[in-house]
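Asks: Supplied in structure tokens, the structure appears directly below.
The values are calculated or read from the model by the stated rules, or taken from the named source; none is laboratory data. Keep in mind the model is a prediction, meaning the values are calculated, not measured. Cβ: placed from backbone, ideal geometry, glycine included. Neighbour counts: every protein chain shown. The protein model used for the area step is the full one, side chains on, heavy atoms only, and it has no ligands, DNA or RNA in it. Shrake-Rupley method; radii C 1.70, N 1.55, O 1.52, S 1.80 Å.
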Amino acid sequence: MCKKVSLILVIPLLLLISCGGVTSTKPIEKDCEYLKTFLPEVSIQFSQAVDEGFDWEPFFKELKSMYISSSWTRFRKSPLDDNGINRDAFANAIAWAMQKQLKKKDSHMSANGGEWPLYPFYKKIVFKSDLVFEKRADGFYFVQSKYKDIEPGMKYTGDEESLVQEYTDGKLLYRFVVISEYLKKLKVKINLDGKDKIIPVEFDELLPEKSGDIRYEEKDGVLTVVIKTMRPRHDDNITEYEKTVEEICKRINNYSKVVFDFRDNTGGYLESFTPIITAMIYGGIDALHDDRIRMVNEYLYTGKTDMLTKTVANRRILEGNMMSAFYHEHKGERYYTFKEPEKKPDLSNKAFKGKIFVITNTYTCSAAEYSLAALKYIFKDQVIQLGMKTGGLLDFGGAYTYILPESKLKMRICCCDLSGMMVLGQESGWRGDTEGFYPDIWFFSGDEKNIRKYIIDTK
């Protein structure tokens, strides 16, 4: 009998010891205090929030409550570190508190306690249906699907925001989609002829094969430029990437149609794309050190706000480049917003007169979205966006990683506010972080043939 009782007592004790469940927030108190002083100094989002009267009490209440609860649920199997901290649960708790207490969404921001970062704000993704409609004078009418209880000719009587324009076999049609951060079940309601029906949807994304950082192809009178990363220039050496950029700049104005394929381009630096934009404005560039590239770059930064605090990361940004002069000039200030420069590019007679097609997907993020915004701002109606919506990581930038002293947890924090930038004005189509840019014509997986046909057919 005694042996049975002892086993009953020991087994739960062993489970407690072997899992990551915690009952106290004491081990994370020092890091919480550090967050309170550190975040307003390195995060422009927190700095602005504090200026507006941010209340830390509910922030830490949310954080500590989620830390304990998630250590017993989602992160129960995560180990405790030497300080007795469940780092995964702590990262999750920080992300949760940010999501609940911050007003502005920042898709770059994350907390990482283990293998994967945890984001407070999730990007919205596209769930595609099989229902396709054609547009008539009095509305949208169903033309095709595999469902027996939905017949051709049924009228769509739901929210038109859920219909996106696509190009299939030479026809402009409309597909029913759901755009959401999360769907518990892959079944949704659609309203046809005034009645709700339940239909399945699926996550759909263009995932082309990755091949190098940048390449170009000349075919059928179209120049196609595939850019997988916006690579910066770190030294005076001309890399293969930059040699390819120079070749593109020489050729680009010889075409009436140019395609920029930004799919799977998660970003980098706008500066790597500015030479191409400059060549399209002026008809070419002298070299990658052409002063006009610098002028265009400074012009495109109009409206960007930087923190001028003396953190290691900000010193790295603000010294040794075009910003160093104003950094020293504005040393006593907390923020600096880039004003429109006196010397700016003449956009009244741009060299490139043709069509610009930009192909995107949900992995088109950050500097790739910035480059799309720049093209839209400068070339306006010449630009047609194709593919899927972008990731939505552009309201904040200048992302750097910091490590919390006790837990060694990694924090990804932004020191630049890009939301007021000139190129993200109302006409750009920018919908904000998590939303991104929506394409003019949507294309889904396996649609390479239809994408090419649309580009060739467009006059």
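Asks: Within 10 Å of each candidate Cβ there may be at most 12 other Cβ atoms; applying that plus a DSSP loop requirement, which trypsin sites (Lys or Arg not before Pro) in the stretch 342-420 survive?
Replies: Hits after loop and neighbour filter: Lys343, Lys353.
Asks: I would also like to ask the following. So how exposed is Glu218, as accessible area in Å² (1.4 Å probe, rounded to 10)?
Replies: 90
Asks: With log10 I(q)/I(0) by the Debye sum over Cα atoms at q = 0.07, 0.10, 0.12 Å⁻¹ as the read-out, I listed (i) -0.40, -0.79, -1.10; (ii) -0.45, -0.86, -1.13; (iii) -0.53, -0.96, -1.17; which label goes with the value calculated from this structure?
Replies: Only one listed value fits the structure, namely (ii).
Asks: Using a cut-off of 28 Å between alpha-carbon atoms, which lysines can reach Lys30, once sequence neighbours fewer than 8 places away in the same chain are excluded?
Replies: Straight-distance partners of Lys30: Lys61, Lys64, Lys77, Lys100, Lys103, Lys104, Lys105, Lys310, Lys408, Lys410.
Asks: Tell me the carbon and sulfur percent of the accessible area for the chain, rounded to whole percent, probe radius 1.4 Å.
Replies: 51
Asks: Still on this model: When DSSP beta bridges are limited to those with both residues in the chain, what percentage is antiparallel, rounded to the nearest 5?
Replies: Taking every DSSP beta bridge within the chain, about 70 percent pair in antiparallel fashion.
Asks: Quick check for me: using +1 on Lys/Arg Cβ and -1 on Asp/Glu Cβ, what's the dipole size of the chain about its Cα centre, in debye to the nearest 20?
Replies: Rounded to the nearest 20 debye, it is 1240 debye.
Asks: While we're on this one: Determine the gain in length on full extension of the stretch Arg334-Lys243; use 0.36 nm per residue of separation and subtract their C-alpha separation, reporting nm with one decimal.
Replies: So the extension gain works out to 28.8 nm.
Asks: On a straight-distance basis, which lysines could pair with Lys155 in a cross-link, Cα separation under 22 angstrom, same-chain partners fewer than 8 positions away excluded?
Replies: Lys128, Lys135, Lys146, Lys171, Lys187, Lys189, Lys195, Lys197
Asks: What distance in nm separates the two pseudo spin-label positions at Asn349 and Phe203, each 7 Å out from Cα along the beta-carbon direction?
Replies: Between Asn349 and Phe203, the simple spin-label model gives 5.2 nm.
Asks: Which residue, chosen from Met98, Gln45, Ile276, occupies the Cα position most advanced towards the positive end of the dipole of the chain, where the dipole is computed from +1 (Lys, Arg) and -1 (Asp, Glu) charges on Cβ about the Cα centre?
Replies: Highest projection toward the positive end goes to Met98.
Asks: Can you send over the solvent-accessible area of Leu173, 1.4 Å probe, protein chains only, in Å² to the nearest 10?
Replies: Looks like 20 Å² after rounding.
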